[in-house]
Structures are given as C-alpha cells and as structure tokens.
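A.B. asks: Can you keep this structure in mind? I'll have questions shortly.
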Amino acid sequence: MVESKKMEILVGGKTVTIETGKYAKSATSSVTVRCGDTMLFVHCVVSPEPRVGIDFFPLLIDYEERMSAIGKIPGGYNRSEGKASDKAILISRLIDRPIRPLFPHGYRNDIQIVAQLFSYDQENPADTLAMLGASAALSISGAPFEGPIGAVRVARVDGQLIANPTHLQITKSALDIVVAGTHDSVIMVEAGCKFVTEDEIMEAVEFAQVEIRKQCEAIEQFAKDLGVVKQEFVDPYDMTELRNIIKETANDMIFDAYHHFDREYRQNKLDEAKKLVKEKVEALPDDHYIKTTIEETGIDFVAEEFKAAEKKIMRAMILDEGVRADGRKYNEVRPIWCEVGVIPRAHGSAVFTRGQTQILSVATLAGPAMAQELDGVEPEREKRYMHKYIFPGFSVGEVKALRGPGRREVGHGNLAERANIPALPSPEEFGYTIRVTSDVLESNGSTSMGSTCGSSMALMNAGVPVKCMIGGVAMGMITEPGREPVVLTDIQGIEDFLGDMDFKVTGNDDGITALQMDMKAKGIANDTLRRALAQAKEGRLHILGKMREVIQKPADDISPFAPRIFTMTIPTEDIGAVIGPGGKNIRGIIDASGAEIDIQDDGSVTITSNDKEGADIAMSMIKAITFKPEEGMVCKGKVVKIVQFGAFVELAPGKDGMVHISQVCNERIDTIEGRLHVGDTVIVKVVKIDDRGKVSLTIKGVTPEEAARVQ
C-alpha cells in the first residue's frame with residue numbers, strides 16, 4: 001500500500017477527515033474529504049507555464065455529483081448524469097468565489113479544481129466540504145495561493161448556532177448561511193434566510209470565523225507536515241513605461257471622462273483616450289520592450305493598464321471627493337420607475353427600472369403536477385417555485401448568440417429565487433406551481449437585484465398571496481491601505497468591475513431573505529461588513545417604497561388566463577381505482593375533461609383546469625369511481641334495466657341498486673311498465689345494503705325536501 005497522510009478537523013462537533021497521497025497521484029495534488037458517510041475526491045492541477053494571450057486568471061472549478069453516491073442510477077433516456085445540474089453549478093461557483101481573489105495579480109497559469117462527490121449520506125451537505133477540500137488541495141499544490149481558506153455553514157436551531165448542520169437541522173432554521181474566509185477576514189457570504197435581522201447575520205458570521213480560523217490553521221500545518229514549498233510569484237512583465245505613457249497621454253482625458261456623469265460621453269472620451277495611447281505605442285520602435293512583449297505574449301497590456309488607470313481615478317474620486325462615477329453620493333440609489341401588468345396574456349408581469357438597469361419579470365401559474373422534478377443527490381425531490389434569469393447580449397449593446405444559461409445566469413437566477421421564497425404562501429394556502437422569468441432588457445449593474453424586485457411585483461400582479469414585498473440592493477466598497485473603506489449603495493457596472501466588493505442583500509422592511517457577498521480584495525473587516533448591512537437596509541427600504549408606489553398588495557384574483565385549481569379528497573383505498581390499471585382510468589378522465597389531475601398519497605386530489613366545465617367533468621368522474629352507497633343516502637340515478645319485479649338503477653359506473661315494484665310509487669301497481677323506462681333519470685334513496693353488498697332503493701320514500709337538495 002502507498003503511504004498516505006491524514007488530518008482531522010473538528011467542525012461543529014463532527015470530525016472532518018482530509019487525506020492525501022493515496023489516489024489520483026498524477027494530479028498536482030489530490031485529497032479525499034469525508035464527514036460521516038459524505039465523501040468527496042478533490043483534485044487540483046496547476047499548469048507549469050502561463051497561458052499565452054490572455055489577460056485574466058484562468059481558474060476553472062468543476063463540481064460533479066455521481067448518482068451512485070446515493071445508490072441510484074440517473075433518470076433520463078441515457079441513464080447518464082449528463083450536464084451539470086443547477087445545484088452542481090452553484091456549488092462550483094461557491095468554491096470559486098473565495099479562492100479567486102487569493103492569487104497574485106498577473107498570475108496566468110491554468111488551474112483546475114475538480115470536486116467529485118462519490119458518497120452522500122444525505123445528512124452532511126457536501127458544498128462546504130468541497131470548499132474545504134479545494135482549499136487543502138491548493139495549499140499542498142505549491143501554487144502561489146494566498147490562502148488557505150476555511151468554509152462553514154451556520155444554522156440556528158433551538159436558539160443555538162450550529163456549525164455545518166445536517167439537512168434536517170437546516171430545514172428547522174430561519175438562517176442558512178455559508179461563510180468563507182482566511183484567518184482574519186471574510187471573503188464570501190452566501191445565505192438564504194427567513195426574515196432574519198442584520199445583527200443575527202453578524203452573529204452568525206462571527207461564529208463562523210472561529211471555525212474558519214481552526215480550519216486555516218489545520219490546513220497550514222498539514223501543508224507544513226507534507227513539506228510543501230509554495231511557489232514565489234513575481235509578475236514577469238514590467239509595464240512601468242506603458243503606465244507612464246498612459247499617464248502623460250490620457251490621464252487628463254480619463255479624469256474628465258469620469259467627472260462627466262453622462263455614460264455615453266464618458267465612453268466616447270475613454271475610447272478617444274485609449275486610441276491616443278495605442279497610437280503612441282504603435283509609434284514606438286519595433287524592438288521596444290512594450291511592443292515585443294505584447295507580440296510575444298498576445299496580451300493586450302494597453303487595455304489592461306488603461307483599465308488600471310481608470311480604476312485609480314474612479315477610486316480617488318470616491319475616496320477624496322466623495323463623488324461617484326455618475327455623480328451620486330456614496331449612499332444614494334439611482335432613479336427608479338416601475339410598472340405592472342405590461343404583458344396582456346401573462347398571468348402577472350412587471351418592469352423594474354433602476355438607472356440603466358431594466359428587468360422584465362413575468363409570472364406563470366400552473367397546477368402542482370408542473371412542479372420541477374429534481375433528479376439529483378439532494379433530499380429535495382421537487383420545486384414548486386422556479387425563477388429563470390435571462391441575460392441577452394442586447395442588454396449591454398453587444399451582438400451575442402442566444403444560448404442556454406451560463407454559470408453566471410444560473411447563479412443570478414438562483415439568488416433572486418432564494419430571495420422571494422420566504423414570502424411565498426404554503427402549498428396549502430396556494431396550490432399552484434409558480435414560474436417567473438426575468439429578462440434583462442438593459443444592464444448597468446445589479447441585474448440580480450432588479451430581478452428580485454421585478455419578480456416580487458410580478459407575483460403580486462399575478463394574484464399570488466405573498467406574505468410581503470421583497471426588494472434587493474447591491475452594495476460595493478472602495479478600499480485603500482491606511483484609509484477608512486467607503487461602502488457604496490446600489491453599485492453600477494463600473495463600480496462592480498473596478499471596486500472591491502459585490503454584496504447583495506434582499507428582504508422586506510424587517511428582515512433579510514438572501515445574501516451574497518463576493519470580494520475582489522482579500523477580505524472585509526467585521527466593522528465594515530456591519531456598516532454595509534446597515535447601509536443596505538436603508539437602500540432596500542428606499543427601493544421598497546418606490547415599488548409600493550406602483551403596487552401595494554397582491555391582486556384580489558388571479559388572471560382570467562390562469563388555470564383554476566379545485567380540490568377534493570378521496571379515500572386512500574380508492575386511489576388505485578381512480579388511477580386504474582396502467583393509468584387507464586385517470587388518462588380517460590384527463591382526456592374527457594382536459595384537466596390536469598394530481599393525486600397525493602393522503603387522498604387529496606388537485607384538479608387544474610382552464611375552465612370550470614372541465615373541472616366539473618373531472619370531479620364528477622372521480623366521484624363516480626369512488627362512489628360508495630350508504631343507507632339513507634339520496635342521489636340521482638339512471639334506469640338501466642326493467643324487470644318484472646322492479647328496475648335496476650345505476651348510481652355510478654359499475655354500481656347500481658334495485659328499486660322493487662313496491663317502492664316505485666305510493667299506490668299499489670301490478671306492472672312497472674309505463675311507470676319507468678330505461679334511460680330515465682330518477683331520484684332514489686338507499687334503503688338497505690345487505691351482507692353481499694346488494695343495494696335496495698326507494699323512489700316513493702324520497703321526501704320533496706330531499707329531492708330538492710339533489711336537483
């Protein structure tokens with residue numbers, strides 16, 4: 001057997017084991033992470049040479065789930081896992097976001113981390129274990145990773161904060177928050193909450209930091225025990241002279257562009273300035289260092305350094321002048337206008353416009369059978385609320401082919417979905433499956449928060465009885481060493497791109513429903529985070545006020561174009577009869593009525609139909625199948641057979657009773673002919689049901705009052 005090295009970390013009272021040296025030895029580094037029976041393999045490969053011709057850090061994170069992890073074969077025609085699920089994409093992003101800021105500027109070596117879930121006890125969530133495994137694998141790879149990081153999920157159960165809770169504990173908690181960071185600062189926060197306060201968030205973050213420090217110290221010791229030597233990275237390209245050219249040629253023009261608050265003017269001025277810089281570079285001798293380096297590497301250093309000059313001027317404006325790129329103060333929200341009911345045939349729709357960000361959200365209602373089935377390893381098997389975020393090229397003035405959602409779109413859509421879930425009614429209160437699509441019509445920062453606001457208004461316009469309105473705001477931050485950080489409310493695109501933080505907060509007037517924080521700097525201090533949360537609440541309340549100018553409460557009724565839901569209950573022993581052999585009976589009901597039918601194990605039946613007539617047909621057919629006569633019952637029936645001593649009356653398909661000749665009318669008759677005919681509809685009362693189930697009926701025993709009730 002090969003020799004392996006193992007370490008253990010206690011997280012929330014549970015032992016997490018990390019082992020290396022046993023598997024995947026051709027990878028740069030590889031670790032096995034286990035907690036309970038949840039086990040992942042996390043592999044890291046670091047390219048020895050930088051990739052040519054790129055101006056970004058090529059970090060690739062892949063999280064993969066194997067259905068064999070829970071002892072299942074995947075569904076679908078091919079019985080294969082296929083493309084990554086939304087959940088897997090979200091976990092890939094969760095791993096990426098705290099790691100990416102911790103690599104030095106100019107590092108361009110390809111790094112790939114593959115986290116594979118091979119065993120899942122459906123008790124201990126795999127996402128934070130995957131993050132911890134990625135941190136460990138990077139730390140022992142020798143790459144110039146400025147970590148390690150730790151990651152922990154926090155929930156509150158019975159008033160106590162718990163680290164890395166089980167799935168069951170998470171469902172009982174109003175707080176579900178994942179925090180990642182280094183020894184001394186937070187880099188990423190991801191949360192779904194049920195209206196928790198800012199103070200509760202900070203308490204959870206500070207609780208998580210204790211666990212994170214323990215993880216970081218353990219991983220550092222693990223790397224030390226393995227004798228890992230971390231690569232020292234120095235940017236090989238000295239562009240000091242290019243920076244001087246930009247400063248001499250374009251600095252005043254960039255300054256003017258950023259002090260002119262019209263976006264189009266700024267862009268034209270910046271394009272003009274960049275053109276002048278490129279002309280200066282083109283005029284340099286062919287053997288000049290700048291030109292030869294650009295040619296050899298394929299890297300557009302002009303664009304890279306020009307952007308750095310923009311960043312410096314924009315940040316100085318905020319720090320020194322207290323003025324942002326569009327003229328706003330640090331805590332000011334851009335102008336907002338909204339409208340609802342803009343799409344005639346949609347069940348609900350809304351447009352949310354904030355500055356140059358505009359979202360069209362459309363809500364669609366359907367029956368419970370349209371809930372999304374989840375073929376994954378998580379305990380959750382279906383979703384009754386879905387949100388899809390769509391970001392086309394035209395929203396930023398670009399030509400881009402329309403394709404399926406990328407990782408960014410999946411992440412933004414999930415954030416807006418998570419934000420609105422706590423406000424939704426329960427299935428018992430509102431049995432519909434709900435889907436909202438948010439199309440970005442124009443984008444200049446925080447489209448996910450625009451989608452959150454647009455979705456909330458579209459749901460209200462659709463008549464969904466939501467508990468409250470949900471709004472969201474994106475916060476930013478500008479930091480410089482030795483200076484107090486400036487927190488920005490409602491960041492626009494350039495402040496996100498050139499700033500140090502993207503911190504999104506959603507909720508109602510009283511509490512938070514979702515959080516997502518990403519850092520471009522190497523962390524945020526707790527005092528600054530607390531200030532950002534307080535400032536976000538002010539911004540959120542302002543935005544909610546603007547939304548309420550358009551819609552204050554859910555519509556009194558759903559759209560006339562939305563299907564109607566009707567419910568009934570049948571005995572559980574009759575479920576099989578309604579479904580029929582191979583689904584024959586229920587298919588017949590659907591074909592005859594045009595309704596959508598959903599039957600639960602407890603006998604509750606939901607009938608979804610676009611018209612009441614179809615629902616009535618479905619309910620009648622189900623009642624007929626489940627009909628059981630009882631003594632004293634009065635009901636309508638059809639005469640199906642005449643015999644000498646009476647008539648047989650069908651009470652329901654396959655269920656009939658006998659009206660004896662003596663029970664047809666009050667006077668004595670010798671023959672039934674002329675009194676009843678096959679096909680007649682009669683009102684009868686059940687007189688007796690014998691031991692063999694034979695039903696005796698009476699016509700003459702029905703009182704006028706009883707007859708009136710079943711007319």
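A.B. asks: Tell me whether the range 461-477 contains one or more residues that are closer than 19 Å to ASP510 by Cα and assigned to a helix (DSSP H, G or I).
C.D. replies: no
A.B. asks: Identify all residues within the range 334-376 that are of a type in the set (Val, Ile, Thr) and crowded, with 18+ Cβ neighbours inside 10 Å; write none if there are none.
C.D. replies: ILE336, VAL340, VAL351, THR353, THR357, ILE359, VAL362, THR364
A.B. asks: Return the residues of the range 1-30 that are among the aliphatic types (A, V, I, L, M) and buried (at least 20 other Cβ atoms within 10 Å of the Cβ); say none if nothing qualifies. First the steps, then the outcome.
C.D. replies: Of the range 1-30, the ones among the aliphatic types (A, V, I, L, M) are 1-2, 7, 9-11, 16, 18, 24, 27.
Hits for the range 1-30 are ILE9, VAL11, VAL16, ILE18.
A.B. asks: Conditions: (1) among the small types (Gly, Ala, Ser); (2) surrounded by fewer than 15 Cβ atoms within 10 Å (Cβ to Cβ); (3) within 27 Å of VAL487 (Cβ to Cβ). ALA283 meets all but one. Number of the miss?
C.D. replies: Condition (3) is where ALA283 drops out.
A.B. asks: Also: Which count do you get for residues in the range 375-398 that are touching a residue at least 12 places away in the same chain (Cβ under 8 Å), closer than 27 Å to ILE597 by Cβ and in contact with a strand residue (DSSP E or B) (Cβ under 8 Å, 6 or more places away or on another chain)?
C.D. replies: Adding up the residues that qualify gives 7.
A.B. asks: Can you find even one residue in the range 219-238 that is without any contact (Cβ under 8 Å) to a residue 60 or more places away in the chain, exposed (fewer than 13 other Cβ atoms within 10 Å of the Cβ), on the phi > 0 side of the Ramachandran plot and not in a helix (DSSP H, G or I)?
C.D. replies: Within the range 219-238, one or more residues are without any contact (Cβ under 8 Å) to a residue 60 or more places away in the chain, exposed (fewer than 13 other Cβ atoms within 10 Å of the Cβ), on the phi > 0 side of the Ramachandran plot and not in a helix (DSSP H, G or I).
A.B. asks: Can you say whether VAL157 is touching an Asp or Glu at 6+ places or on another chain (Cβ under 7 Å) and of a type in the set (Val, Ile, Thr), as far as the supplied structure shows?
C.D. replies: For VAL157, the condition - touching an Asp or Glu at 6+ places or on another chain (Cβ under 7 Å) and of a type in the set (Val, Ile, Thr) - is not met.
A.B. asks: Sort out which residues of the range 146-168 are more than 14 Å from MET188 (Cα to Cα) and assigned to a strand (DSSP E or B), and write them in order of number.
C.D. replies: Step one: filter the range 146-168 for residues more than 14 Å from MET188 (Cα to Cα), giving 146, 155-168.
Within the range 146-168, ALA155, ARG156, VAL157, GLN160, LEU161, ILE162, ALA163 qualify.
A.B. asks: All but one of (1) under 19 Å from GLY471 (Cβ atoms); (2) within 16 Å of the chain's Cα centre (by Cα); (3) assigned to a helix (DSSP H, G or I) hold for HIS387, so report the exception by its number.
C.D. replies: (3)
A.B. asks: While we're on this one: Of the residues THR489, THR452, THR433, THR437, only one is touching a strand residue (DSSP E or B) at 6+ places or on another chain (Cβ under 8 Å), of a type in the set (Ser, Thr, Tyr), surrounded by 19 or more Cβ atoms within 10 Å (Cβ to Cβ) and not assigned by TED's automatic domain parsing to the domain that holds PHE352; which?
C.D. replies: Numbers: THR452 fails: not assigned by TED's automatic domain parsing to the domain that holds PHE352; THR433 fails: not assigned by TED's automatic domain parsing to the domain that holds PHE352; THR437 fails: not assigned by TED's automatic domain parsing to the domain that holds PHE352.
Sole residue among the options that is touching a strand residue (DSSP E or B) at 6+ places or on another chain (Cβ under 8 Å), of a type in the set (Ser, Thr, Tyr), surrounded by 19 or more Cβ atoms within 10 Å (Cβ to Cβ) and not assigned by TED's automatic domain parsing to the domain that holds PHE352: THR489.
A.B. asks: So, in the range 524-535, of the ones that are surrounded by fewer than 22 Cβ atoms within 10 Å (Cβ to Cβ) and small (Gly, Ala, Ser), which residue ends up nearest to VAL179 (Cα to Cα)?
C.D. replies: That would be ALA525.
A.B. asks: Could I ask something else about it? Inside the range 508-517, can you point out the residues that are crowded, with 19+ Cβ neighbours inside 10 Å and closer than 16 Å to MET202 by Cα?
C.D. replies: Of everything in the range 508-517, those that are crowded, with 19+ Cβ neighbours inside 10 Å and closer than 16 Å to MET202 by Cα turn out to be ILE512, THR513, ALA514, LEU515, GLN516, MET517.
A.B. asks: Would you tally the residues in the range 31-77 being surrounded by fewer than 19 Cβ atoms within 10 Å (Cβ to Cβ) and polar (S, T, N, Q)?
C.D. replies: Selection size over the range 31-77: 2.
A.B. asks: OK, next. State which residue pairs qualify: first residue surrounded by fewer than 24 Cβ atoms within 10 Å (Cβ to Cβ) and inside the range 118-137, second residue of a type in the set (Asp, Glu) and not in a helix (DSSP H, G or I) in any location, beta carbons under 7 Å apart, and separation of 6 or more residues or different chains.
C.D. replies: Going by the 7 Å Cβ cut-off, the qualifying pairs are SER119/ASP37; ASP121/ASP37.
A.B. asks: Within the range 21-34, restricting attention to residues that are modelled with pLDDT of 95 or more and touching a Lys or Arg at 6+ places or on another chain (Cβ under 9 Å), which residue is nearest to PRO165 (Cα to Cα)?
C.D. replies: THR32
A.B. asks: Moving to a separate point now. Would you mind stating whether ILE524 is more than 19 Å from GLY450 (Cα to Cα) and of a type in the set (A, V, I, L, M)?
C.D. replies: Judged against the criteria, ILE524 is a match.
A.B. asks: May I pose another question? Condition check: within 28 Å of MET469 (Cα to Cα), free of Cβ contacts under 8 Å to residues at least 60 places away in the same chain and buried (at least 22 other Cβ atoms within 10 Å of the Cβ). Does VAL179 satisfy that?
C.D. replies: yes
A.B. asks: Taking the residues in the range 341-379 that are within 30 Å of TYR63 (Cα to Cα) and in a loop (DSSP other than H, G, I, E, B) as candidates, determine which candidate is modelled with the highest pLDDT.
C.D. replies: Only one residue fits best here, namely ALA371.
The values are calculated or read from the model by the stated rules, or taken from the named source; none is laboratory data. The structure displayed is predicted, hence computed values, not measured ones. Note: ideal-geometry Cβ built from the backbone for every residue, glycine included; neighbour counts use all protein chains shown.
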